[in-house]
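A.B. asks: Have a look at the structure that comes next, please.
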Amino acid sequence: MHCPFCQHTDTRVIDSRVSEDGATIRRRRECEACGERFSTLETVELKLPVIIKGDGRREAFDTRKLRLSMDRALHKRPVSEEQVEASVRAVVHQVRMSGERELPSRKIGDFVMAEMRKLDHVGYVRFASVYRSFEDVADFREEIEKLERDLPTASGQLPLLGADVVPIDKNKKR
């Protein structure tokens, strides 16, 4: 490892620590030439499948894009960073375990939807609105009603719709 300060080629590890989740190792290093100290992070690099987008384009799986989309859906929601990180890891694990060399983006969206549903109902509906391209209020209502039907009543989250809300008939002219 080159020293980031003087570019000398010899540095030595003076301390190593495994992260809490066991996914990374933090190494404290010291340059043999200038004596400066710095830290490095070591992670396992596994080949993730190529993602096939809806229009047929192919691109590398990007964990940052996954995290960003989840963060947007969970903006100002009572979900901790640790919970989001755990969900991102769960999605990446599912992608890895698929064993596929290429994976349609729809499949990844399904993995994310399952994780979002566990995290926060409002975040789930926000994500679903983009993922499924909701076109009107009826699409939102339909997803919320499906969510409420499928979830146990004692989920620890408030109901998404109040009892006084009247369903919208999608087939009715406006």
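The values are calculated or read from the model by the stated rules, or taken from the named source; none is laboratory data. Bear in mind the structure is a predicted one, so any value in this text is a computation, not a measurement. Backbone-built Cβ (ideal geometry, glycine too); neighbour counts: all protein chains shown.
A.B. asks: Can you pull out the residues in the range 70-109 that are small (G, A, S), within 14 Å of D120 (Cα to Cα) and not in a loop (DSSP other than H, G, I, E, B)?
C.D. replies: A73, A86, S87
A.B. asks: Select from the range 1-44 the residues that are acidic (D, E) and in a loop (DSSP other than H, G, I, E, B) and write down the one among them that is surrounded by the fewest Cβ atoms within 10 Å (Cβ to Cβ).
C.D. replies: Among them, the one singled out is E20.
A.B. asks: Further, regarding this structure: Can you say whether T9 is more than 30 Å from S105 (Cα to Cα) and at pLDDT below 95, as far as the supplied structure shows? Before the answer, list the steps.
C.D. replies: Numbers: more than 30 Å from S105 (Cα to Cα): yes; at pLDDT below 95: yes.
Answer is yes for this residue.
A.B. asks: Looking at D136, D150, D164, which is the one that is at pLDDT below 80, surrounded by fewer than 15 Cβ atoms within 10 Å (Cβ to Cβ), over 15 Å from the mean Cα position of the chain (by Cα) and among the charged types (D, E, K, R)? Walk me through it before giving the result.
C.D. replies: On the way: D136 fails: at pLDDT below 80; D150 fails: at pLDDT below 80.
Of D136, D150, D164, the one residue that is at pLDDT below 80, surrounded by fewer than 15 Cβ atoms within 10 Å (Cβ to Cβ), over 15 Å from the mean Cα position of the chain (by Cα) and among the charged types (D, E, K, R) is D164.
A.B. asks: Test each condition in (1) farther than 26 Å from V50 by Cβ; (2) at pLDDT below 90 for F127 and report the one that comes out false.
C.D. replies: (1)
A.B. asks: Look through E36, E45 and report the one residue that is of a type in the set (D, E), in contact (Cβ under 8 Å) with a residue 24 or more places away in the chain and over 27 Å from S133 (Cβ atoms).
C.D. replies: E36
A.B. asks: Which ones in the range 52-69 are more than 17 Å from F127 (Cβ to Cβ) and of a type in the set (A, V, I, L, M, F, W, C)?
C.D. replies: Result: I52, A60, F61.
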